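The values are calculated or read from the model by the stated rules, or taken from the named source; none is laboratory data. For clarity, every value in this text was computed on a predicted model and none was experimentally measured. Backbone-built Cβ (ideal geometry, glycine too); neighbour counts: all protein chains shown.
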Amino acid sequence: MIRIEGEPGQADGLHVREKSRRHIRMGANRMKDQERDVLRKTILELVKKGHVHYTDIEKRAVATCLRLATSNTIRKQFYHYLLPNGYVERVSRGIHRITQKGEKLLEILN
């Protein structure tokens, strides 16, 4: 919180602005969580259809989630969240399938 000595009204105004900035940041994080959930749901739905190659997942996810999906965000969600946490497993090079844990997450996200 920012406090400036001087006129009483001046410090109060800064206090209110600081609170509103914090509120905006919290709202942005909440939206990012929702976007991540949509992206994870899309990826898991694509993988659930069968043994799928990663490049196919990436192309379809970018086409489905145009506003929030980029190759980088999909890669991060896939290789840094879904795969290490056991929601998706590697069958062979570039081929992946959903696990039981992934199916439970997909049910929750629906």
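Quick check: anything in region 62-77 out of contact with any Pro (no Cβ under 9 Å at 6 or more places or on another chain) and farther than 22 Å from Asp33 by Cα?
Filtering region 62-77 for residues out of contact with any Pro (no Cβ under 9 Å at 6 or more places or on another chain) gives 62-77.
Still in the running and farther than 22 Å from Asp33 by Cα: none.
Checking region 62-77: not a single residue is out of contact with any Pro (no Cβ under 9 Å at 6 or more places or on another chain) and farther than 22 Å from Asp33 by Cα.
Can you find, within region 55-86, the residue that is surrounded by the most Cβ atoms within 10 Å (Cβ to Cβ) among those that are over 13 Å from Thr42 (Cα atoms) and touching a residue at least 24 places away in the same chain (Cβ under 8 Å)?
Tyr81
How many of the residues making up region 93-110 are closer than 15 Å to Asp56 by Cα and loosely packed, with under 12 Cβ neighbours inside 10 Å?
1
What helices (runs of 4 or more DSSP H) lie completely within region 1-103 and have 1 or more residues being at pLDDT below 55 and within 16 Å of the chain's Cα centre (by Cα)? Walk me through it before giving the result.
Numbers: elements: 8-48, 54-64, 71-77.
Where helices (runs of 4 or more DSSP H) fall fully within region 1-103 and carry at least 1 residues being at pLDDT below 55 and within 16 Å of the chain's Cα centre (by Cα), they are 8-48.
Restricting attention to region 87-102, report how many residues are among the hydroxyl-bearing types (Ser, Thr, Tyr) and in contact (Cβ under 8 Å) with a residue 12 or more places away in the chain.
Going through region 87-102, the residues among the hydroxyl-bearing types (Ser, Thr, Tyr) turn out to be 87, 92, 99.
Retained after the next criterion (residues that are in contact (Cβ under 8 Å) with a residue 12 or more places away in the chain): 87, 99.
Count: 2.
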